[in-house]
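Participant: My questions will all concern the structure given below.
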Amino acid sequence: MNTKRLSSNMEIALSAQMNVELLQSHNYLSYGIWASSQGYGGVANFLFRHSKEESDHAIKFMNYVLNRGGKPTIDSTPKADNDPISLTDCFNKVFQHEVENTTAIYNLVDMAMEEKDWATWNFLQWFVKEQIEEETLATSLIDKLKIAGGDRATDESLFIFDAALEKMPDDAPMARDSTSEKP
Ligand code: FEO
């Protein structure tokens with residue numbers, strides 16, 4: 001008896017998104033390594049914590065596919081991004097990745113709607129909310145760095161910026177508030 005509750009196309013698409021989240025996790029790790037090597041320990045710590053969050057997102061997709069009777073596949077992960085050339089470049093790249101991820105989630109939502117796969121549609125709403133929070137977080141980092149002086153910031157203001165990121169909350173309260181899925 002076939003107990004799979006996902007279409008084959010949806011199983012492949014959700015599995016692909018699991019791999020995108022893993023790549024995101026690697027990108028954040030890579031940026032964190034760069035930040036640490038530049039002496040920005042607070043920024044690095046923030047990026048490492050966020051890498052873990054992306055990895056949790058991948059696990060969330062993995063568990064969902066498994067729970068619906070599918071079998072996700074781990075692809076070979078592409079090489080992480082090149083090092084940023086500055087902190088501004090780093091946070092611009094973070095924002096760009098989050099926007100790309102939002103587009104990928106929206107495409108999955110479209111697909112779930114077309115298939116009338118309401119269970120998957122509901123599952124994806126957690127990610128729709130999460131992406132609002134992720135984009136807001138990335139934008140606030142860009143703004144904070146601009147206020148600190150951007151690429152022309154003094155060592156003192158970068159020191160304060162770095163210390164602020166060390167303590168910055170990186171959780172996703174809006175996503176946690178979602179009633180459809182537990183994180
Ligand atoms: Fe998993 Fe930052 O999106």
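Participant: When you look at GLU100, is it among the acidic types (Asp, Glu) and over 21 Å from ILE85 (Cα atoms), yes or no? Give the derivation first.
Facilitator: Values: among the acidic types (Asp, Glu): yes; over 21 Å from ILE85 (Cα atoms): no.
Spelling it out, it is not the case that GLU100 is among the acidic types (Asp, Glu) and over 21 Å from ILE85 (Cα atoms).
Let's see how each residue does on (1) closer than 29 Å to PHE159 by Cα; (2) among the hydrophobic types (A, V, I, L, M, F, W, C):
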residue: ILE12; (1), (2): no, yes
residue: GLY32; (1), (2): yes, no
residue: LYS71; (1), (2): no, no
residue: PRO78; (1), (2): no, no
residue: ASP83; (1), (2): yes, no
residue: THR88; (1), (2): yes, no
residue: VAL94; (1), (2): yes, yes
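Participant: Moving on. Looking only at segment 94-108, decide whether some residue is in a helix (DSSP H, G or I), away from the ligand (no atom under 11 Å from the Cβ), among the small types (Gly, Ala, Ser) and touching a helix residue (DSSP H, G or I) at 6+ places or on another chain (Cβ under 7 Å).
Facilitator: no
Participant: Please name all residue pairs, on different chains or six or more residues apart, with Cβ atoms under 8 Å, provided the first residue is in segment 137-156 and is more than 17 Å from VAL99 (Cα to Cα) and the second residue is assigned to a helix (DSSP H, G or I) and open to solvent by 80 Å² or more (accessible area, probe 1.4 Å).
Facilitator: Partner pairs satisfying both residue conditions: ALA148/ILE160.
Participant: Name the residue, out of TRP118, TRP126, that is of a type in the set (Phe, Trp, Tyr), surrounded by fewer than 17 Cβ atoms within 10 Å (Cβ to Cβ) and at negative phi. Walk me through how you get there before you give the answer.
Facilitator: Working: TRP126 fails: surrounded by fewer than 17 Cβ atoms within 10 Å (Cβ to Cβ).
Step by step, each of TRP118, TRP126 is checked, and only TRP118 is of a type in the set (Phe, Trp, Tyr), surrounded by fewer than 17 Cβ atoms within 10 Å (Cβ to Cβ) and at negative phi.
Participant: Do we have any residue at all in segment 68-82 that's crowded, with 20+ Cβ neighbours inside 10 Å and more than 26 Å from ARG5 (Cβ to Cβ)?
Facilitator: no
Participant: Of the residues SER157, SER55, which single one is of a type in the set (Ser, Thr, Tyr), open to solvent by less than 40 Å² (accessible area, probe 1.4 Å) and within 19 Å of the chain's Cα centre (by Cα)?
Facilitator: SER55
Participant: Something else: Can we say LYS129 is at pLDDT below 80, basic (Lys, Arg) and either touching a Ser or Thr at 6+ places or on another chain (Cβ under 6 Å) or more than 16 Å from PHE91 (Cα to Cα) (or both)? Give the steps one after another, and end with the answer.
Facilitator: Details: at pLDDT below 80: no; basic (Lys, Arg): yes; either touching a Ser or Thr at 6+ places or on another chain (Cβ under 6 Å) or more than 16 Å from PHE91 (Cα to Cα) (or both): yes.
Criteria not met by LYS129.
The values are calculated or read from the model by the stated rules, or taken from the named source; none is laboratory data. Just so it is clear, the structure is predicted and the values come from calculations on it, not from any experiment. Cβ: placed from backbone, ideal geometry, glycine included. Neighbour counts: every protein chain shown. Side chains are part of the model used for accessible areas, which takes the heavy atoms of the whole protein and leaves out ligands, DNA and RNA. Shrake-Rupley method; radii C 1.70, N 1.55, O 1.52, S 1.80 Å.
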